[in-house]
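*Asks:* Here's a structure for you.
Quick note: the coordinates plus some simple rules give every number you see, no bench work behind them. From a predicted model like this one, the values you see are computed outputs, not experimental measurements. Positions of Cβ are generated from backbone atoms using ideal geometry, with glycine treated the same way; all protein chains shown enter the neighbour counts.
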Amino acid sequence: MGVDMGYGGGGYGRRTARTVEERIPMRVVIAGGHGQIALLLEERLSGRGDQPVGIVRNPDHVADLEQRGAEGVVLDLEQAGVEELASVLDGADAVVFAAGGGPGSGTARKETVDKNAAILLADAAERAGVRRYLMVSSMGTDRADPDSDDVFQVYLRAKAAADADLRSRDLDWTIVQPGRLTDEPGTGRVSLDPSAEPREIPRADVAHALEAALDRPATYRKQLTLLSGPDPVEEAFVALP
């Protein structure tokens, strides 16, 4: 990967492009740091020498992050302000939004977490000068029922609104829209084909794909479908136009 992107502000802008042989460790702040994908991603990032930082609401979860080589920061994204969150992002090279209201939460938390917290993270990233933003979204956001009160449809609308907000910003964003998530072991193989039939993907492969996309400029300002498929993760991203 070729050139210094030359952006001012946060740590990402101070870096030159990396090679596999010699890369500069990244400080990556992950919202929803105790989620299943986040924990897998933190372990992968720490394993390659990066500095993952997970934002959690429950202090009891910090130890789980530390076991995976990540730093834990206790902050409630439903209550925090932009300045408070921006202070957590100080010195970061990238942010990842992997938070969610959870399958057992009601419609209100789809708005406050899946939508509003994602927008708050983007506001804070801009304030802190962090250009790189990876969003864990969902397939089906373009087909959400605008009138339904069903919790899943409210969830899809919240994700769609957060994605639209991110697309409107002058950030190096990538929106990853995985298929139905499973806890099966990762295969290390995916498909980024937007025309593929919806299907499952292990959370482990989503974390692998996020790691691969993180410092790959070919993913900037792209919305990517992510499914189980035939292509090794790294090769799938190398093939992006």
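*Asks:* Return Val82, Val206 ranked ascending by Cβ neighbour count within 10 Å, so the fewest neighbours appear first.
*Replies:* Least crowded to most crowded, the residues run Val82, Val206.
*Asks:* Which ³J(HN,Hα) values in Hz, rounded to whole numbers, follow from the phi angles of the range 200-214 under the Karplus curve 6.51 cos²θ - 1.76 cosθ + 1.60, where θ = phi - 60° and Gly and Pro get x?
*Replies:* Using θ = phi - 60°, the values come out as 7, 8, x, 4, 4, 6, 5, 4, 4, 5, 4, 4, 5, 7, 3 Hz.
*Asks:* Shifting gears a bit: Calculate the spin-label point distance for Val82 paired with Asp150, positioning each point 7 Å from the Cα along the beta-carbon direction, and give it in nanometres.
*Replies:* 3.6 nm
*Asks:* Assuming a viscosity of 0.890 mPa s and a temperature of 25 °C, what translational diffusion coefficient in µm² per second does Stokes-Einstein assign to the range 145-241, Rh being the Kirkwood radius over Cα pairs?
*Replies:* It comes out at roughly 172 µm²/s.
*Asks:* Quick one: if you stick a label point 7 Å off each Cα along the C-beta vector at Leu181 and Asp231, how many nm between them?
*Replies:* In this crude label model, Leu181 to Asp231 measures out at 2.3 nm.
*Asks:* In square nanometres and to one decimal, what's the mean projected area of the convex hull around the Cα atoms of the range 54-138?
*Replies:* Taking the Cα atoms of the range 54-138, their convex hull projects to 5.8 nm² on average.
*Asks:* Once the principal axes of the Cα atoms of the range 85-134 are found, what is the range along each, listed largest first in whole angstroms?
*Replies:* 34, 14, 14
*Asks:* Scan the chain and hand back the longest stretch that contains none of the GluC sites (Glu not before Pro) lying in DSSP loops with at most 11 other Cβ atoms within 10 Å.
*Replies:* The answer is 23-241.
*Asks:* Amide H to amide H, which residues 5 or more places from Asp172 or on other chains are under 5 Å from it, using H placed in the peptide plane?
*Replies:* Residues meeting the amide H criterion: Arg132, Tyr133.
*Asks:* Continuing with the same structure: Using modelled amide H (1.01 Å from N, peptide plane; none on Pro or chain starts), what sits under 5 Å from the amide H of Leu77, excluding residues fewer than 5 places away?
*Replies:* Correct list: empty.
*Asks:* Here's something else I'd like to know. Hey, what does the equivalent ellipsoid look like for the chain, semi-axes from the Cα gyration tensor as sqrt of 5 times each eigenvalue, largest first, whole Å?
*Replies:* Semi-axes (√(5λ), whole Å): 24, 22, 18.
*Asks:* Normalised by the number of residues in the range 25-238, what is the relative contact order in percent for Cα pairs under 8 Å and 6+ residues apart?
*Replies:* 18 percent
*Asks:* To continue, here is another question. Distance between the C-alpha centers of the range 114-146 and the range 163-195? Whole Å please.
*Replies:* Each part's Cα centre sits 12 Å from the other's.
*Asks:* Give a residue-ordered list of calculated ³J(HN,Hα) values for the range 83-90 (Karplus: 6.51 cos²θ - 1.76 cosθ + 1.60, θ = phi - 60°; whole Hz; x for Gly, Pro).
*Replies:* Once rounded to whole Hz, the list reads 5, 5, 6, 4, 5, 5, 7, 4.
*Asks:* If you find the alpha carbon centre of the range 28-48 and of the range 66-85, how far apart are they in angstrom?
*Replies:* That distance is 13 Å.
*Asks:* Output ³J(HN,Hα) for the range 45-56: one whole-Hz value per residue in order, computed from phi by the Karplus curve 6.51 cos²θ - 1.76 cosθ + 1.60 with θ = phi - 60°, and x for Gly and Pro.
*Replies:* Ordered by residue, 3J(HN,Hα) equals 5, 5, x, 9, x, 7, 10, x, 10, x, 8, 10 Hz.
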